[in-house]
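Undergrad: Let me give you the structure first, and then I'll get to my questions.
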Amino acid sequence: MNIHEYQAKAVLKEFGVPVSKGVPILKAEEAEAAAKQLGGPLWVVKSQIHAGGRGKGKFKEASAGDKGGVRLAKSIDETKQFVKEMLGATLVTEQTGPAGKQVNRIYLEDGSDIEKEFYLSLLVDRETSRVAFVVSTEGGMNIEEVAHNTPDKIVTFSVDPATGVMGHHGRTVAQALGLKGDLAKQAEKLVSQLYTAFIAKDMDMLEINPLIISKQGELKCLDAKMSFDSNALYRHPEIVALRDTTEEDAKEIEASKYDLAYIALDGTIGCMVNGAGLAMATLDIIKLYGESPANFLDVGGGASEEKVTAAFKIITADPNVKGILVNIFGGIMKCDVIAAGVVAAVKAVGLQVPLVVRLEGTNVEEGKKIIRESGLNVLPADDLDDAAQKIVNAVKGK
């Protein structure tokens, strides 16, 4: 789960992390009061969307101007103008894709006198099962570009969960950033604060880009991107309350209600599979035969008929879907449950596109019988290769 920058900074403030003062704005008429509250003389007007590259982004609407999604205002009137232009407009960045994202929230923040910019992030290192720090002197830039062009400017290290963060971790960050004296002490404190926040809130990523030195000699988190482990959200109702569903795909929101692992893609073949590995293999073989998957959907090992019906409805709600492939290997999951769910869903929502069903494993004969006796126009498949070829050919009209 992702949250907005202003929400992430509010979380960081709980742990004493230094951030600028700011006010979220949901309506254009709130801009003047927010600007007066901060006082100026410089205000940063920031579009709040779940995507990076906002400063370099462009708005689709001509009325929003071409100054990007992060702007520096030098007066209250200019602040009001920028807020009015940006709210409701569609911002396109490298991470949003050409469709862009509509800006429904603005964060108005105090301007900062910047001396230097750095990059600092924490993430879960799956190889070591530890929290890793990634540090670079190249703040404000795309870290992937830095890694590609100047990998020597990136320092990484992990923290042993048995000891937690220690003094030498902070000193490593300070050394990597070339900080000495009081700034080095600030870095040590910041590293401890960020790690504590990361663990306490069950984050899976925390990115500070840029981390700055102000001309007043203070380290400050000028931007913050934060995401959380969805499996741990039951422990954090205060984080769940920050969820902005307008930033999420409607189908993914519906899937989360039924505990379905669903990710919308941009292809034409809807997929319903049980097991993440089998789902990935299904996506790959669809690509192999010349089409693209419209989604990743793992119904899990113990799905009920209700869950399967919900999954099918979500797939058919995608207007880009021209064909559907159901690929089930029954272990814990029983093929007859899947078959009953598919039949119930088709009868409920109708079937406007070709449907190929491949069943194998527990209760496979019962499942095939349910499909066969349903009277539905379903193409049976013997194995995954056969299923992929049949659905691709059907979509192509062969």
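The values are calculated or read from the model by the stated rules, or taken from the named source; none is laboratory data. Just so it is clear, the structure is predicted and the values come from calculations on it, not from any experiment. Note that we place each Cβ from the backbone using ideal geometry, even for glycine, and neighbour counts take in every protein chain shown.
Undergrad: Within region 162-196, work out how many residues are assigned to a helix (DSSP H, G or I), aliphatic (A, V, I, L, M) and out of contact with any helix residue (DSSP H, G or I) (no Cβ under 6 Å at 6 or more places or on another chain).
TA: Of the residues in region 162-196, the ones assigned to a helix (DSSP H, G or I) are 167-177, 181-196.
From what is left, the residues that are aliphatic (A, V, I, L, M) are 173-174, 176-177, 183-184, 187, 190-191, 194.
Checking which are out of contact with any helix residue (DSSP H, G or I) (no Cβ under 6 Å at 6 or more places or on another chain) leaves us with 176-177, 183, 190, 194.
Summing the residues that are assigned to a helix (DSSP H, G or I), aliphatic (A, V, I, L, M) and out of contact with any helix residue (DSSP H, G or I) (no Cβ under 6 Å at 6 or more places or on another chain) in region 162-196 gives 5.
Undergrad: Which of (1) touching a Ser or Thr at 6+ places or on another chain (Cβ under 7 Å); (2) loosely packed, with under 14 Cβ neighbours inside 10 Å; (3) within 30 Å of LYS56 (Cα to Cα) is the odd one out, the single condition GLU145 does not satisfy?
TA: Answer for GLU145: the failing condition is (1).
Undergrad: Shifting gears a bit: Please indicate, with yes or no, whether at least one residue in region 68-78 is farther than 26 Å from LEU219 by Cβ, over 22 Å from the mean Cα position of the chain (by Cα) and charged (D, E, K, R).
TA: Initial filter on region 68-78 (farther than 26 Å from LEU219 by Cβ): 75-78.
Pick out the ones that are also over 22 Å from the mean Cα position of the chain (by Cα) and you get 75-78.
Imposing the further condition that a residue be charged (D, E, K, R) reduces the set to 77-78.
Yes.
Undergrad: Does region 174-194 contain at least one residue that is in the same structural domain as PHE118 (by TED's automatic domain parsing), surrounded by fewer than 17 Cβ atoms within 10 Å (Cβ to Cβ), under 25 Å from the mean Cα position of the chain (by Cα) and not aromatic (Phe, Trp, Tyr)?
TA: Checking region 174-194: not a single residue is in the same structural domain as PHE118 (by TED's automatic domain parsing), surrounded by fewer than 17 Cβ atoms within 10 Å (Cβ to Cβ), under 25 Å from the mean Cα position of the chain (by Cα) and not aromatic (Phe, Trp, Tyr).
Undergrad: Same structure again: Quick one: in region 113-141, of everything that is modelled with pLDDT of 90 or more and among the small types (Gly, Ala, Ser), which residue is surrounded by the fewest Cβ atoms within 10 Å (Cβ to Cβ)?
TA: Among them, the one singled out is SER129.
Undergrad: Restricting region 381-398 to residues that are part of a loop (DSSP other than H, G, I, E, B) and not charged (D, E, K, R), which is surrounded by the most Cβ atoms within 10 Å (Cβ to Cβ)?
TA: ALA381
Undergrad: Also: Can we say VAL146 is of a type in the set (Val, Ile, Thr) and more than 20 Å from the chain's Cα centre (by Cα)? Don't jump to the end; show me each part of the working.
TA: Numbers: of a type in the set (Val, Ile, Thr): yes; more than 20 Å from the chain's Cα centre (by Cα): yes.
For VAL146, the condition - of a type in the set (Val, Ile, Thr) and more than 20 Å from the chain's Cα centre (by Cα) - is met.
Undergrad: If you don't mind, another one. Considering each of PHE312, PHE329 in turn, give the residue that is under 20 Å from LEU384 (Cα atoms), crowded, with 20+ Cβ neighbours inside 10 Å, of a type in the set (Phe, Trp, Tyr) and assigned by TED's automatic domain parsing to the domain that holds LYS369. Walk me through how you get there before you give the answer.
TA: Details: PHE329 fails: crowded, with 20+ Cβ neighbours inside 10 Å.
Being under 20 Å from LEU384 (Cα atoms), crowded, with 20+ Cβ neighbours inside 10 Å, of a type in the set (Phe, Trp, Tyr) and assigned by TED's automatic domain parsing to the domain that holds LYS369 holds for just one of PHE312, PHE329, which is PHE312.
Undergrad: Considering only region 243-277, how many residues are within 18 Å of VAL337 (Cβ to Cβ) and loosely packed, with under 15 Cβ neighbours inside 10 Å?
TA: 1
Undergrad: For region 60-110, please list each of the strands (runs of 3 or more DSSP E) lying entirely inside it that holds at least 2 residues being within 26 Å of GLY40 (Cα to Cα). Even if it seems obvious, please write down each step before you answer.
TA: Values: elements: 70-73, 90-92, 106-110.
Counting at least 2 such residues, we get 70-73, 106-110.
Undergrad: Tell me yes or no: at least one residue of region 49-58 is within 16 Å of HIS4 (Cβ to Cβ), part of a helix (DSSP H, G or I) and not assigned by TED's automatic domain parsing to the domain that holds ALA200.
TA: Narrowing region 49-58 to residues within 16 Å of HIS4 (Cβ to Cβ): 49-55, 57.
Adding the requirement that they be part of a helix (DSSP H, G or I) leaves none.
No: zero hits.
Undergrad: Evaluate the following for PRO98: is it farther than 30 Å from ASP249 by Cβ and loosely packed, with under 14 Cβ neighbours inside 10 Å?
TA: Values: farther than 30 Å from ASP249 by Cβ: no; loosely packed, with under 14 Cβ neighbours inside 10 Å: yes.
The answer is no for PRO98.
Undergrad: Across region 227-274, what is the total count of residues that are in a helix (DSSP H, G or I) and within 30 Å of VAL357 (Cα to Cα)? Explain how you work it out, then say what you get.
TA: Start the filter on region 227-274 by keeping residues that are in a helix (DSSP H, G or I), which leaves 230-235, 237-240, 245-247, 250-257.
Cutting the leftovers down to within 30 Å of VAL357 (Cα to Cα) gives us 250-257.
Counting residues in region 227-274 that are in a helix (DSSP H, G or I) and within 30 Å of VAL357 (Cα to Cα) gives 8.
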